[in-house]
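Following: one structure in C-alpha cells, then a few remarks.
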Amino acid sequence: MTTLEAARAVGPGLDRVDAPMKVTGKAHYPNDFGYPGLVHAALVHSTVAAGRIRGIDTSAAETAPGVQAVITHLTAPRLEPGPMTLLGASPPTPFQDDRILHHGQHIAIVVASSPEQARHAASLVRVDYERSEPLLDVHDPRATVVENPWGLDSDRGDVDAGFAAADVVVGGTFTTPDNTNNPLGLMSTVASWNGDSLTVHDSTQWPHNVRATLAAVFKVPESGIRVLAPYVGGGFGAGLRVWPHVILTVLAARQVGKPVKLVLTRPEMFTSVGHRPDSVQQIRIGATRAGDLTAITHEGLSSVAMEDDDYEPVSLCSAVSYACPNVRTQDRQVRLNIPCPGSMRGPAEGQGNFALESALDELAHELGMDPVELRLRNYCEEHPLLGLPWSSKALRDCYLQGAERFGWSRRDPRPGSMRDGRWLVGYGMAGVSYPHYQVPCQARASLHRDGSADVRSAATDIGTGTYTIMTQLSAEQLGLDVSRVHFDLGDSDMPYAPQAGGSGLTSALGNAVGAACRNLIREFLDVVKDDADSPLRGAAPDEVSVSGGRIHRTGAPDQGESYTDILTRHGLEELSADGRSTPPQPDGGGMATAGAFGAKFVEVRVDPDLGLLRVARVVSAIDGGRILNEKTATSQIVGGTVGGIGQAMFEETATDPGTGRIANATFGDYLVAVNADVPDMEVIFVGGPDRATPIGTKGVGEVGLVGVAAAVANAVHHATGRRIRSLPITIDQLL
Amino acid sequence: MPRNRGAMTQVDAAGATSTGAAPEVPQVEVTLTVNDTEHHLRLDSRVTLLDALRDHLGLTGAKKGCDQGACGACTVMADGKRVVACLALAAQYEGRRITTIEGLAPNGELHPMQAAFARHDAFQCGYCTPGQIMSAVSLVAEGRAGSEEDIREFMSGNLCRCGAYPNIRAAIRDALAEG
C-alpha cells in the first residue's frame, strides 16, 4: 500500500467544511427548493385506526380555490410495490385499496397553487368509515405475535443449570415507550417530472434507495431518476425508508404535470416516518457471590405495524455483551394498528441496553460490588457467539479511563448517601457494546491539473460530519492539503452509497474513498510507468508515498513529482478512479468485526420533596476505532447523549388507547431535551484503529445514545434507592 | 466548501411559487422591509411571516421546524426583537423592519456569532442553526446572556434535535468575550 506521510489532515478538530453554508442560511434543505410553476400538496389522514373507507367525498375540496387535484385510493393508478432493500420490504405502496391500518394513515393528497389553499382544501375532504376495533396494546390476546422475527434468537449453554448455580438472581420487567425520531427538519419532498425523467429533492438518508423505490413503484428506469439531498435536517433513522408521502408527492406531480412540494407537518412527523417502538422486556441475571455471571435470560416484546416490518432485536445485546456461559435471548413482535415503527438512533440497542445495564446495576447492588468491577469481572475478550477475538475492543479502557475522568472513586455506594444541600446526588454508569454494521459502498476520486481533487459518493451528511471527515480522509489518502479537496455527496447520480444508518456509513464510505484514492495513485503510476522523464518510472504502488500534492518514492522525497507535473507533461486535464468497499468477513480474518464500545458515567441530582431530576454531569468514554475528526466525533457523542437524556427523562409518544390517535404529536406536548436540560459533557476517545478494514474506523453515530438511559436510571437508584424500570423517568416515579 | 448544485432553481425572489390565488381568497397588500430592502407583496391573508420570507421572497434561511411556535427554527428579528415567524401573519408586520440570517452580516462575511458557531461546532445537521444564531444575537443584544444559567434558560426556546446545546453555549460565551 502507498505510504501516507502527512497524517495531519485527519484527527483533531477541523471545523466542518459545510459550516459557512449552515451558519449563513445558504445550505439548501429539501424544502428550500422550488421550481417555476411549483404547486403545493397537503395530506388527509384517517381519523380511525382500523376499518375501511366506505365513501370519500372530495367535491368541496376539488372546487376550493386554487385546487388542482385531489387523489384518493379511488382515483390513484395501480402502483407497484417497492423493492426489498437492506432494511427489508418497502413500506406498503399507498392508495392501493380502501383499508385503514392505523390512525393518521394518508388517505388523500390535495394539490393546490399555494400551501394555504392545499391545507384548507384538505380540511374539506369528508370520509365515511366502516370502523373495526383497532388492536393497540402489545398484550392484546387477539393480536398476531411474530416469534423470532429476524432469526436472531440465541440460546447457549444451559440457563436452568446456570440459575441453579447462582447465589444471587436479579431481574424483572422493564418497559420503554414509543419514541418519535423528530428530526428538526420537517421531512419534505419536491418532485418534478420531465417526460419520463424525474428529479426529486427528499429528506432522505439514502438517495439510492429513493431512486430504486420510485423506479419500481412507477415502473420507470432508474437512469431517468435523480434524487438530491445535499443537506438533510437530521434524520435519526426517519429518513432511511421511502415512506408513502414520498410516493404520493411524486404521483401528484405526475398527475398535475407540474412540480409539487410536500412539507410534512410536525404532527405528521409522528405518524408518517417511523418511530422507536415500545418494548416490554423480561430479564433475569444470575451470578455467584463473587460476581461471576452464571445465566442471563432476556425476552423482548415490541410492537410493529400490521403490514410492515421493522428490525428491532431488543434482546440481542444480552447475547453479545458479557462473558456468561448460559444465555438465552428471545424477541417477539406484536402486530398492531399503529403507524409503522422504524429505526430510531440506536434501534433495539437503545431499549435492550436499558434493561441489561439496569439489571447489572441491581446485581452489583445485591452483591455489594462496584458496578464497574462487576463489568470488568465479566468482560468478554471474544465475541460470545462467534468465539473469535474482536477486531478491536478497548471497552476496558472505556471503563477505567471514564471512571477516572468522572471521579467514580468518590462514589459512596450506599443509596441516598450523597447530598449537595437539598439535592440527593447519584452516580450511575452503564456499558455499551454496539453491533458492527457495514454494507458495500462506492466512491470516485478525480485529480485535476491544478492540483485539486474532487471526491464523491451518493451518501448523505445528516449532521454526522460526513462532508468534513471524507474531505480530510481524501486529503490524507492523496497527500493533499484539505483546502485542495472538494468532497461531494447527496446526489443519486454519484457512485452508489448505502444509507447513513446503523453507524455503518463512515467505514463503508471511508473504505470506498480510500480505495478510490489508492486506485487514483495507481492510475498516475500507470501513466508514468514508461515515462523516461519521470522519477516515478516503473514504481509500484507499495513503493511510493504521497504528500504535498506529490507522489515520491518512499524514503526518497527527491525522487518524485507532483500530480500537476504528470498531468501537464502527458497532456491530461485530470485522472479519475473508482473505489469500492465491501464489509469485512468475520471468518475470513479470524476475528469478529467490532462496532463501537462505550462507558457512560452520569451524575444526577434529585430533589426528594419535588421529585425533580436533573442530569448534572456526563462523561462518555468511547472506543470508536480511528477517529477522523475529534471535533465532529465529539459532537456525535454529545448529541447522542442528549438523545439518551431525552429517552431517559422526557420522550414518550402517547397513543390514545381507545382510538389509536397519537395524543401528543407536537413539540409542545412531546418533550425533548432543551438547552437547560443538558449539562456540559466530557467525551474521551480510547483505543485505536480497528483491524477489520484499512481505514480503521468504527461508527460513532449511535453509541453516544445507548447506555445513557440506564446510567441515568442507575444514578437515580444511587441517589434515592428507587429502581425505575420504566422510561421515561418522571416526577411521579420519584415522589 | 460544499456547493449547492443541480438544475433546480431556488424559489426566486419574484415569488415564482405564488401563482395568483383565485379571487375569492382574501388578498392583502403588505410592505415589509427585510434586511434593509423594502418589498411590496400581495399575499393570501393567511400567509405567515415565515412563508412570506421563504416562499415569496426566496429567503429560505429561516426554517420551518414545527409551524406551531414551539421549536424556534424560524426565529427572525422584527425591529430588533426576536419573533417566531411561523406564528406571525405577514400582514401583521406591515412596515416593520425584519432581519433574517441572510441579513446578519454583509455577503461573504460572518457575524461574530456565526463565526463562533462554526468554530465551536455548535450544530450538526444545521437546520435549527439560523434560528439559534438569531436568538443568540438577540440574547446578547438584550443583555440576557450575562450568566451561564441565563444562556441555558433563554436559549431553551430553540430546539436542537442533534443535541449541540453545550457547543451552542460555548459559541455564545465566546462571541460575548469577543465583544
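For B:Tyr127, what is the net charge nearby, where nearby means another residue's Cβ is under 11 Å from its Cβ and Lys, Arg count +1, Asp, Glu -1? Neighbourhood net charge equals +3. One Cα centroid belongs to the range B:85-163, the other to the range A:545-619; the line between them spans 32 Å.
Projecting the Cα positions of B:Leu53, B:Gln27, B:Ala85 onto the charge dipole of the range B:27-103 (unit charges on Cβ atoms of Lys, Arg, Asp and Glu, taken about the Cα centre) puts B:Ala85 furthest along the positive direction. For peptide B:56-67, the mean count of partner chain Cβ atoms within 10 Å of a residue's Cβ comes to 6.
In chain A, which whole DSSP H runs stretch at least 20 Å along their own axis (Cα) and average 0.0 or higher on the Kyte-Doolittle scale?
Values: long enough: A:349-367 (26 Å, -0.31); A:505-527 (32 Å, 0.67); A:630-649 (28 Å, 0.18).
Within chain A the helices that satisfy the rule are A:505-527, A:630-649.
For the pair A:Arg614 and A:Tyr379, label points projected 7 Å from Cα toward Cβ lie 3.6 nm apart. Distance from the C-alpha centroid of the range A:629-644 to that of the range A:669-692: 4 Å, rounded to the whole angstrom. Here, the range B:112-178 has an Rg and a Dmax of 10.3, 29 Å when only alpha carbons are counted. With a cut-off of 12 Å between beta carbons, the residues surrounding A:Ala596 carry a summed charge of -1, where Lys and Arg count +1 and Asp and Glu -1. Centroid-to-centroid, using Cα positions, the range A:262-315 and the range B:36-69 are 41 Å apart.
Anisotropy class assigned to chain A is oblate, per the alpha carbon gyration tensor with a/c at or over the 1.5 cut-off and a/b no larger than b/c.
So in the protein assembly as shown, what percent of DSSP beta bridges are antiparallel if you round to the nearest 5?
Numbers: 118 of 150 bridges.
Percentage antiparallel, nearest 5: 80.
Under a Cβ-only charge scheme (Lys and Arg +1, Asp and Glu -1), can you give me the dipole magnitude of the range A:421-562 about the Cα centre, in debye to the nearest 20? Let's see the in-between values first.
Numbers: 11 positive and 17 negative charges, 118 e Å.
Result for the range A:421-562 is approximately 560 debye, rounded to the nearest 20.
Rounded to the nearest 10 degrees, the inclination of helix B:165-178 to the longest alpha-carbon principal axis of chain B is 80 degrees. Overall shape: oblate for the range B:27-103, with the ratio a/c of the largest to smallest alpha carbon gyration tensor axis at 1.5 or above and b/c at least equal to a/b.
For A:Asp420 and A:Arg99, what is the calculated FRET efficiency with R₀ set at 41 Å and r taken between the beta-carbons, to the nearest 0.05? Could you put the intermediate results ahead of the total?
On the way: r = 57 Å, r/R0 = 1.39.
Between A:Asp420 and A:Arg99 the formula returns 0.10.
Close amide H contacts of A:Val485 (hydrogens built in the peptide plane, cut-off under 5 Å, sequence separation of 5 or more or a different chain): A:Ala453. Look at the dipole of chain A built from charges on Cβ: of A:Ala403, A:Ser562, A:Gly151, the Cα furthest out on the positive end belongs to A:Ala403. Counting Cβ atoms of other protein chains within 10 Å of each residue's Cβ and taking the mean over peptide B:162-175 gives 6.
Here each label is just a point 7 Å from Cα along the line to Cβ, and for A:Asp607 and A:Glu573 those points are 6.8 nm apart. Going by a ≥ b ≥ c, the root eigenvalues of the Cα gyration tensor, does the range B:39-150 fall in the rounded group (a/c under 1.5), the prolate group (a/b larger than b/c) or the oblate group? Prolate shape, in that a/c is at least 1.5 and a/b is the bigger ratio. The Cβ shell under 10 Å around A:Ala710 holds other residues with a net charge of -1, Lys and Arg each +1, Asp and Glu each -1. For the segment A:664-671, counting C-beta atoms of other chains within 10 Å of every residue's C-beta and taking the mean gives 3. Of the peptides B:163-175, A:151-163, A:500-512, the order by per-residue mean of other Cβ atoms within 10 Å, starting with the highest, comes out as A:500-512, B:163-175, A:151-163. For A:Lys22, a cut-off of 28 angstrom between C-alpha atoms picks up these lysines, skipping any fewer than 8 places away in its own chain: A:Lys261, A:Lys631, A:Lys698, B:Lys63, B:Lys64, B:Lys81.
No lab work stands behind these numbers, since they all come straight from the coordinates. In this text the structure is predicted, and so the values were computed from the model without any measurement. Virtual Cβ from ideal backbone geometry, glycine too; neighbours counted across all protein chains shown.
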